[in-house]
Amino acid sequence: MRRWWSRRRGASDDDISCREFGRLLQRYLDDMLDVDAARRVEHHMHMCDDCGVEAETYQALRRALRDSGAVSQESLSRLRDVASRIAEAADADHDHT
Amino acid sequence: MVPRSQREETFARYVVPEIEVLLRVARSITGSSADAEDVVQDTLIRAYRGIDRFDGAHPRAWLLTILRNAERNRVRRRRPTLLADPDGVEISLTSVPSDDDTADQATRSAFDAAVRAAFAALPEASRLTVELVDVDGLTCIEAAGVLGVAPGTVMSRLHRARARMRASLRHAGIEYSEGPS
């Protein structure tokens, strides 16, 4: 694995170490970094192959999780139907309870 | 009293676009597609009745609070003696993938299958946290509201869980390159 001191490919003021990148990556994935910190993370992932792969792997992991969570279209359709006549549904539920 | 047409308009504007997210979250916390649909229907009705008190800000957070209460009522009705765990996540709230999902697994890539296996191996509280944020698309703050824990707790659980899943992929020899292998 590339060491934090060994990354060098167009060094600039935006450079951060691999260790710092690892510390910030999760918050970057959750859009919880400020603009400057996010830019430094993005700069590093483009400069450092290992960290770039690490970020891509986490992003692919999240995509795979997201894809696994598709909801039933039939359920969705029924609920949208309830929503389209919500006043009647609320009255019916009130009468029922 | 707000006219019925205005209530329906507000409902259509703020509530209807969130139905899919509500259904995802409800499935995560109930572990059942059928129960999820019931909870969301209850949530929609409660939201409509309470819409006069909604100020138009943060509709998703408002709806998730209603959904959480609807789920609590459902569990209370079904299992009055159910105990809650120290983190506020009720023990019965599992997030085991449904049978509907199983059929899809056959066509998923090795990467996706490995991710699902790593996800299934997570401790329950971590799995539910990952499910709410990474599967259902909630923010950490929204997930904290659903779980009844601090946002920091959600973040630490989430980050540990992702690192654990990442390590599982590495141990399984699954690495991401140009695309999932």
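Does B:GLU8 qualify as being farther than 19 Å from B:LEU128 by Cβ, modelled with pLDDT under 90 and charged (D, E, K, R)?
Answer is yes for this residue.
Scan region A:22-59 residue by residue and report those that are among the small types (Gly, Ala, Ser), closer than 25 Å to B:GLU142 by Cβ and within 11 Å of chain B (Cβ to nearest Cβ).
A:ALA55
Need the failing condition index for A:ALA92 against (1) within 14 Å of chain B (Cβ to nearest Cβ); (2) at pLDDT 90 or above; (3) open to solvent by 20 Å² or more (accessible area, probe 1.4 Å), just the number.
(2)
Please go through region B:19-48 and pick out each residue that is open to solvent by 30 Å² or more (accessible area, probe 1.4 Å) and free of Cβ contacts under 8 Å to residues at least 60 places away in the same chain.
B:GLU20, B:ALA34, B:ASP38, B:GLN41, B:ASP42, B:ARG46
Restricted to region A:23-37, and to residues that are assigned to a helix (DSSP H, G or I) and touching a helix residue (DSSP H, G or I) at 6+ places or on another chain (Cβ under 9 Å), which residue is surrounded by the fewest Cβ atoms within 10 Å (Cβ to Cβ)?
A:ALA37
Counting only residues that are within 20 Å of B:ARG27 (Cβ to Cβ), free of Cβ contacts under 8 Å to residues at least 60 places away in the same chain and among the small types (Gly, Ala, Ser), how many does region B:49-79 have?
So the answer is 1.
The values are calculated or read from the model by the stated rules, or taken from the named source; none is laboratory data. These numbers were taken from a predicted model, which means no experiment stands behind them. Glycine gets a Cβ as well: all are built from the backbone with ideal geometry, and neighbour counts include every protein chain shown. Just the protein is used for accessible areas: all its heavy atoms, side chains included, with ligands, DNA and RNA removed. Shrake-Rupley method; radii C 1.70, N 1.55, O 1.52, S 1.80 Å.
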